[in-house]
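Beneath this line is the structure, given in structure tokens, with notes to follow.
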Amino acid sequence: MHLPPYIKNAANLSDQTEKEISTIFRMDEFPKGHFLYRQGEICQHIYYIEKGLARVFYVTEGGKEITQWFFAENNFLTAVDSFYHHKPTLVNCELLEDSVVYSLKYSEMEAMLNENHEMARFAFHAVYELAKKLAEYMIGMKFQSAEDRYNALMKEYPHIFQRAKLGHIASFLGITQETLSRIRAGK
């Protein structure tokens, strides 16, 4: 497991603690289409994507899928609504590519937090990254134009169009595929 340098630096982790963190996470290789968690289930893990792309989405009562976020390499993810409160999640997480994913159970994370302060700082920064992405998304949806949201997505995931379906991207941006095509044509 290769932690992103910004987390290692921000949490001021020693090489020993980084090594310990790497040993408590479980590594799995999953195929494209695998679900890390599903709507209605309790998500008991926090995940770290070393390779691949995931999409978090929910399904409306009418059966329409709405993409909430994409998570690519060097990102942590979990169903925040479920992980901490042990309640069924309202969202799904599907891998859009063959992926290498590390996972840590909630109970193991709790034990890790009680063991040493460096690990607690690591957990804080991992959760902070999730919260920061959520806040950026909410601000973008409320205050940015569709074109600005598109530009922000392209900055974060420059190869998203080679990795995800247009419908998923349009849904994430809160626009139709036709509007997405017009924005892309104007570039």
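The values are calculated or read from the model by the stated rules, or taken from the named source; none is laboratory data. These figures come from a predicted structure and were not determined experimentally. Note that we place each Cβ from the backbone using ideal geometry, even for glycine, and neighbour counts take in every protein chain shown.
Of all residue pairs spaced 6 or more apart or on separate chains, those with beta-carbon atoms under 7 Å, a first member in the range 161-187 that is modelled with pLDDT of 90 or more and a second member that is of a type in the set (Gly, Ala, Ser) are 173/146; 175/146; 176/170; 177/167; 177/170; 179/146; 180/170; 183/146. Identification of strands (runs of 3 or more DSSP E) wholly contained in the range 39-156 with 3 or more residues that are hydroxyl-bearing (Ser, Thr, Tyr) yields 99-105.
The lone criterion from (1) surrounded by fewer than 20 Cβ atoms within 10 Å (Cβ to Cβ); (2) in contact with a Cys (Cβ under 6 Å, 6 or more places away or on another chain) left unmet by residue 94 is number (2).
Considering 79, 72, the condition of being of a type in the set (Gly, Ala, Ser) and free of Cβ contacts under 8 Å to residues at least 60 places away in the same chain is satisfied by 79 alone.
Tell me, yes or no, whether the range 17-28 has at least one residue that is at pLDDT 90 or above, farther than 22 Å from residue 177 by Cα and part of a helix (DSSP H, G or I). Checked the range 17-28: no residue is at pLDDT 90 or above, farther than 22 Å from residue 177 by Cα and part of a helix (DSSP H, G or I). Number of residues in the range 21-54 that are touching a helix residue (DSSP H, G or I) at 6+ places or on another chain (Cβ under 6 Å) and over 25 Å from residue 120 (Cα atoms) equals 1. Can we say residue 127 is among the hydrophobic types (A, V, I, L, M, F, W, C) and at pLDDT below 85? Criteria met by residue 127.
Determine, yes or no, whether residue 160 is over 30 Å from residue 84 (Cβ atoms), outside the structural domain of residue 97 (by TED's automatic domain parsing) and of a type in the set (A, V, I, L, M, F, W, C).
Numbers: over 30 Å from residue 84 (Cβ atoms): no; outside the structural domain of residue 97 (by TED's automatic domain parsing): yes; of a type in the set (A, V, I, L, M, F, W, C): yes.
In short, no.
The lone criterion from (1) exposed (fewer than 14 other Cβ atoms within 10 Å of the Cβ); (2) within 28 Å of residue 177 (Cα to Cα) left unmet by residue 140 is number (1). A residue that is exposed (fewer than 13 other Cβ atoms within 10 Å of the Cβ), modelled with pLDDT under 90, closer than 28 Å to residue 30 by Cβ and of a type in the set (Asp, Glu) occurs somewhere in the range 109-120. For the range 133-144, the criterion of being touching a strand residue (DSSP E or B) at 6+ places or on another chain (Cβ under 9 Å), assigned by TED's automatic domain parsing to the domain that holds residue 25, closer than 20 Å to residue 50 by Cα and touching a residue at least 60 places away in the same chain (Cβ under 8 Å) is met by at least one residue. The condition of being at pLDDT below 90 and within 29 Å of residue 152 (Cβ to Cβ) holds for only one of 3, 96, 53, that being 3.
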